[in-house]
Amino acid sequence: MSRNAKINTLLLLIVAALAVLPIALGLGDDEEEPFAGADAQAETAITEIEPDYEPWFSPLYEPPSGEVESALFALQAALGAGVLAYYFGIRKGRRQGAEQARAEQAEEARAKRDTGPAGEPVDADGGRAETEQV
């Protein structure tokens, strides 16, 4: 197994452990909503500290249900992942194109060096190579 394959396998195992361990160990079982978002937890903490607190701003759009809110969040994450994938794909394509262009230029330079002014082959000493005519 190559080094990159080992690293990728290790990273995949770490991600799987981060997803499964909190559920398997029962973390958050003592809470009403064990896996609530940071916004909900912050709102709960603020209302416990200051029950008369009035928010400065209100949301521009309030989704009709939690499912719609989750779907919009997932859509936002998917769009972000798509933008990142597009960026890295373009970057890789440009790098590969530049490498290919450099290889073609080197091949052309080698071809020019190996032929004389009239396009005839040149031997290692710089003289015209002997060609056999049939």
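The values are calculated or read from the model by the stated rules, or taken from the named source; none is laboratory data. Treat the numbers as computed from the prediction; the structure is a model and nothing was measured. Virtual Cβ from ideal backbone geometry, glycine too; neighbours counted across all protein chains shown.
Only residues that are part of a helix (DSSP H, G or I) and surrounded by 10 or more Cβ atoms within 10 Å (Cβ to Cβ): list them for segment 20-48, please.
Val20, Leu21, Pro22, Ile23, Ala40, Gln41, Ala42, Glu43, Thr44, Ala45, Ile46, Thr47
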message: Test of understanding: among Ala101, Ala77, Ala71, which residue is of a type in the set (Gly, Ala, Ser) and either modelled with pLDDT of 95 or more or surrounded by fewer than 10 Cβ atoms within 10 Å (Cβ to Cβ) (or both)?
response: Ala77
